[in-house]
Amino acid sequence: AIVDSFPLFDEHLLELAKWMKEYYGCRMIDCLRCIMPSSMKIRSEYFVRIAPKIDNTDIEDFKGRNKVEEEIILFLLNKQKYVLLEDVYDIFGKESSKYIKKLIKEGIIVQQEKEDIKELSYTIKYISINKDLDLDELEDIIELYQSKKNYHAQARILSLLMINDWIPVNELKKALQVSNSSIQSLVNKNIVQIEEIEIHRDPYSHMDFKSTESLLPTQEQKNVIQYITAKLEHSVGASVLIHGITGSGKTEVYLQLIDEVIKRGGQSIVLVPEISLTPQTVERFKGRFGDQVAVTHSKLSLRERYDQWKKAKEGKVSVMIGPRSAVFTPFSSLKLIILDEEHENTYKSEISPKFHARDVARKRCEMAGGVCVTASATPSLDSYFECEEGKAELLTLTHRANDSKLPSVEIIDMRKELELGNRSIFSTALQEEIEKNLKNKEQIILFLNRRGFSNFVSCRKCGYVLKCKNCSISYTYHAYNHSIQCHYCGDKMKVPSVCPQCGSSHIRYFGVGTERVESEVKKHFPDARVLRMDLDTAKGKYGYEKILDQFKSHKADILIGTQMIAKGHDFPNVTLVGILAADLTLHLQDFRSAERTFQLITQVSGRAGRGELPGRVLVQTYDPGHYSIETAKEHDYLSFYQKEIELRKQLNYPPFTHIFLILITGTNEKAVISNAYKLMEIMKYLNKKKKFELFGPVPAILSKIKNKYRWRIIVKCEDRDLLMKYGFYCINKFKSILNNQEIQIQTDIDPLMM
Ligand code: ADP
Ligand code: ZN
Ligand code: ZN
């Protein structure tokens, strides 16, 4: 049967899907799923309700009808709102359709296709760890449960929640295949909590967007706008990177470029990291272009997203704002794609096809003859390197648009604090600065990026971080057997009881979270009004907005937050930013950890002193000499870049090489491990000329999720095509020899997280 009344994609998007299939080595069907709206399957859904004119007093009129008819009427009368037709069938059986048809004919029931349904609302249940629990307690509980026979499901739930601040309950159940009763017993024990959140059809309908006019661009902005506008004229496809410091007015540049595109009858896509897709961000675009703007977001219901997709498909809007999936917006005269904060990891998809929105955006622009603009105050090393290679053009914005100064950054050596007997999470200097600000009624942001398993093992006395001797990558702590492992080469050992460098026994696992910071702040500064913004507090209806609005209107003195507060927000009265533990990102078991640290410090610092008063930033660290921290202090991207790129070159890491990651998963741990080794043997055998560097097999960083064990192999090579050919060849060879049903193999080319 013909499923769709209109084609879901045009030839360009089909071409794009084919390209993705080749470029990422994935299945065509997965690529097509990407470019189709995720809501396609609900398109033909119908809803029914009792006709509004009928009320309970009419019940008598329906007596004596067929029994099923009578029951359906009673059921709908009770509901008094639209009900999914499928749900009615669930209750009364598919045979009831003939009665429903009859009742519709008689005008007793009314039916609607989903597009006109206004009253639907959805609730999603989220589960998270109880806020009062600290990380150490949680680890103890998990360890205890892992050792008890009937508690494994609960241990798995907690392990997953440790990494994800909150998860929809449904997803958790699907992912781990755990029962309601396991979840419920954790709720009863007060270890986790569940919260229900209502999702609205049009999340922006309650907002009034003040309309804004173009600002007079600064000379630098003007240069950038003119340069890119000229590219738009040529329609040959171009790629531009804007390196613009925080507050340099990049958004105003986007707005004026979009304006140019609209004037030429074209369409634009603006990609932003999901986390920055706040109502404030949307307001800047809606305020300028009103109804021309559509917004898509993963928190919208499928129906809402479908509405936005359709508007774009029908050419009813000229601008789409959204996270990475918005790169597939079906515009027919696409001229411009903007990737804001292009260094963000969320631009890379974690499910197949594991595409990077930057790659896809470039390809789309190349095909459509449009311009791809990537922008950041801290461009990814990959992107900046591409400019040096001539694959993209570099434009810069070096001044703040409103002439405010970049903040002064001071680095605080936390080892010295400890020597002086200060064990608090606040250095003396930070405490003093906070007090000063509170007295002067200026606002403060305290930043701590505790997300996920950012645990690393380090000595509090000398700052020594336990690192693998082969890879110079930090060891990861495994609680279950109290060991540390290098996730790159597999090296493993017991946690030493004393520091290998200074002999001190102050070896600690870092795991302070924002909640702990909040309670410390309240202890130290009992009179301060405090807000906390992380995934725990920002969920719920308009959670973001509330916190941001409260802080902006100075209803609080201190805002504590995770990377959620790192970017995008404009708080003119914030003059002090404290970064509590810069080391958290520095020692992730990843060669990109220095890059992430530089980016985070720069972005968070960018929140200070955006108004008239100058800003100060205090960076607390146990590793004050690290180049990522020193260069961030000087706001010196270029020096950081040069240092980092040199290291990457020496160690043969991207962008000088490509990485092909192979993940072997399965529910039988022994099978996973033995097959991983067998695959490695084949890979070694097929690598006689040593063209490829092979690492592993080792447990993946997330070594067990969805009840599956995960081991990985990493292959490095400069030649991307050759690397993929070799990788897939080895995997196919392996499958043809062993064809083991117990394990699955996934691949990821150019992974961001390993
Ligand atoms: P970025 O995205 O580069 O961090 P924003 O776009 O948020 O910077 O701009 C920073 C501030 O400067 C905003 O308050 C913005 O309104 C203001 N601004 C931007 N461009 C101009 C301009 N040409 N004239 C005056 N103010 C500007
Ligand atoms: Zn190693
Ligand atoms: Zn030490």
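Here are the numbers for this structure:
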{"item": "Over 20 Å between alpha carbons, listed pairs LYS250/LYS335; LYS678/LYS733; LYS131/LYS467", "result": "LYS131/LYS467"}
{"item": "In sequence order, calculated HN-Hα J values of the range 501-508 (Karplus, 6.51, -1.76, 1.60; Hz; x Gly/Pro)", "result": "8, 10, x, 5, 9, 7, 8, 10"}
{"item": "Listed peptides 683-690, 602-609, 425-432 by packing density, highest first (mean Cβ within 10 Å)", "result": "602-609, 425-432, 683-690"}
{"item": "Which listed pairs, of LYS21/LYS311; LYS231/LYS263; LYS79/LYS125; LYS174/LYS311; LYS494/LYS643; LYS149/LYS189, have C-alpha distances above 25 Å, in listed order", "result": "LYS21/LYS311; LYS174/LYS311; LYS494/LYS643"}
{"item": "C-alpha center-to-center spacing [the range 598-657, the range 382-441] in angstrom", "result": "8 Å"}
{"item": "Net length gained if the chain between ASN440 and CYS502 were fully extended (0.36 nm per residue, minus Cα distance)", "result": "18.1 nm"}
{"item": "Ranked by how many other beta carbons lie within 10 Å on average, peptides 710-723, 80-93 from highest", "result": "710-723, 80-93"}
{"item": "Rounded tilt (10° steps) of 637-651 against the dominant C-alpha axis of the chain", "result": "80 degrees"}
{"item": "Exceeding the 29 Å Cα-Cα cut-off - candidates LYS688/LYS708; LYS286/LYS555; LYS173/LYS354", "result": "LYS688/LYS708"}
{"item": "Within the range 617-681, GluC sites (Glu not before Pro) in DSSP loop having at most 14 other beta-carbon neighbours inside 10 Å", "result": "GLU634"}
{"item": "Partners for LYS101 among aspartates and glutamates (Cα-Cα distance below 15 Å; same-chain residues under 8 apart left out)", "result": "GLU69, GLU70, GLU71, GLU86, GLU113"}
{"item": "Degrees between helix 67-79 axis and first principal axis of the chain (Cα, 0 to 90, nearest 10)", "result": "50 degrees"}
{"item": "Highest to lowest packing among 228-236, 149-157, scored as the average C-beta count within 10 Å", "result": "149-157, 228-236"}
{"item": "Loop trypsin sites (Lys or Arg not before Pro), the range 252-320, which have at most 16 other Cβ atoms in a 10 Å radius of their Cβ (DSSP)", "result": "ARG264, LYS299, LYS316"}
{"item": "Gyration tensor (alpha-carbon) shape descriptor, the chain, a/c threshold 1.5", "result": "rounded"}
{"item": "Check: the chain dipole with +1 on Lys, Arg Cβ and -1 on Asp, Glu Cβ, in debye", "result": "1920 debye"}
{"item": "Contact order normalised by residue count of the chain, Cα under 8 Å, 6+ apart, percent", "result": "12 percent"}
{"item": "Cα gyration tensor shape for the range 652-754, rounded if a/c is under 1.5, else prolate or oblate", "result": "oblate"}
{"item": "Anisotropy class of the range 586-743 from Cα gyration tensor, a/c 1.5 cut", "result": "prolate"}
{"item": "Between 0 and 90°, nearest 10: helix 250-263 axis offset from the chain longest Cα axis", "result": "40 degrees"}
{"item": "Label point 7 Å beyond Cα of ASP719 along Cβ direction - residues of the range 639-669 with amide nitrogen under 14 Å", "result": "658"}
{"item": "Nearby aspartates and glutamates by direct alpha-carbon distance to LYS649 (threshold 19 angstrom, same-chain neighbours under 8 apart not counted)", "result": "ASP382, GLU386, GLU388, GLU389, ASP590, GLU595, GLU693, GLU718, ASP719, ASP750"}
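Each reported figure results from applying straightforward, stated rules to the coordinates on display, with no laboratory input. From a predicted model like this one, the values you see are computed outputs, not experimental measurements. Cβ sites come from the backbone with ideal geometry, for glycine too, and all protein chains shown count toward neighbours.
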